[in-house]
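Every number in this text was worked out from the coordinates using simple rules, so none of it is lab data. What you are looking at is a predicted structure, and each value in this text was computed from that prediction instead of being measured. Neighbour counts are summed over all protein chains in view; Cβ atoms, including those assigned to glycine, are modelled from backbone coordinates with ideal geometry.
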Amino acid sequence: MQMSDTREIKAPREVVWAAILDPEVLKQCVPGCTEMTGSPEDGFEATVVQKVGPVKATFKGQVVLSNRNEPESLTLSGEGKGGAAGFAKGSADVTLTAKGDELTELHYEVDAKVGGKLAQLGSRIIDGFAKKMADQFFTNLQDAVEGPTDPEEAPEAEGEAAEEGKKKGWFKRMVSS
């Protein structure tokens, strides 16, 4: 299955690039990721728990960053084995284009494959799940870098909303300090 999309992130290209290379950012961006260790140079080891249709599985695998052309483009490739559930693997070619000093256009092209019990679920379920995972990853990345859209939103929010406000933009605040 293949898909592509483009997003505009309100941050300099170098900040977005640094976020993609950061294991903490990647851990928070990958839906269902419970563990992420490693480095951009050597690759990352990840554990991801996901439910696809009626099949729930824990995938253990690697994420490798290749074709790095700092700060313009790279390829994120991952492969995970979920035991009896099967396997999932895919890659995303990511291109970052500066649109002024404080705006970055992020374009991605994803290619994903599954096998084992997961493949038996049918292409409609798998395609929908893969699209949802890719969208969620890049939405999480955008949230980690951009922060809340309304600067007054986070401090006055209560409970879960305040917690969400703290999470959004945490990477951009960290590298700007």
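Suppose a student asked you for the relative contact order of segment 1-148, using Cα pairs under 8 Å spaced at least 6 residues apart; what percent would you report?
Worked out over segment 1-148, it gives 28 percent.
So if we plug the beta-carbon distance of E105 and E79 into 1/(1 + (r/R0)^6) with R0 = 35 Å, what FRET efficiency do we get, rounded to 0.05?
0.80
For segment 1-96, just say rounded, prolate or oblate: build the C-alpha gyration tensor, square-root its eigenvalues into a ≥ b ≥ c, call rounded for a/c under 1.5, and beyond that prolate if a/b exceeds b/c, oblate if not.
prolate
Of the cross-linked pairs K27/K117; K10/K60; K51/K131, which ones have a Cα-Cα span greater than 22 Å in the structure shown?
K27/K117; K10/K60
Among L26, V55, M36, pick out the residue whose Cα is farthest towards the positive end of the charge dipole of segment 1-56, where Lys and Arg carry +1 and Asp and Glu carry -1 on C-beta, about the Cα centre.
V55
For segment 1-67 and segment 90-137, write down the distance between their C-alpha centroids in whole Å.
So the separation of the two Cα centres works out to 11 Å.
For segment 18-154, just say rounded, prolate or oblate: build the C-alpha gyration tensor, square-root its eigenvalues into a ≥ b ≥ c, call rounded for a/c under 1.5, and beyond that prolate if a/b exceeds b/c, oblate if not.
prolate
Compute, for segment 1-120, the length of the dipole vector about the Cα centre, with Cβ point charges of +1 (Lys, Arg) and -1 (Asp, Glu) only. Units Debye, rounded to 20. Don't skip to the answer; put the middle values down first.
Working: 13 positive and 18 negative charges, 172 e Å.
Charge dipole, segment 1-120, about its Cα centre: 820 debye, nearest 20.
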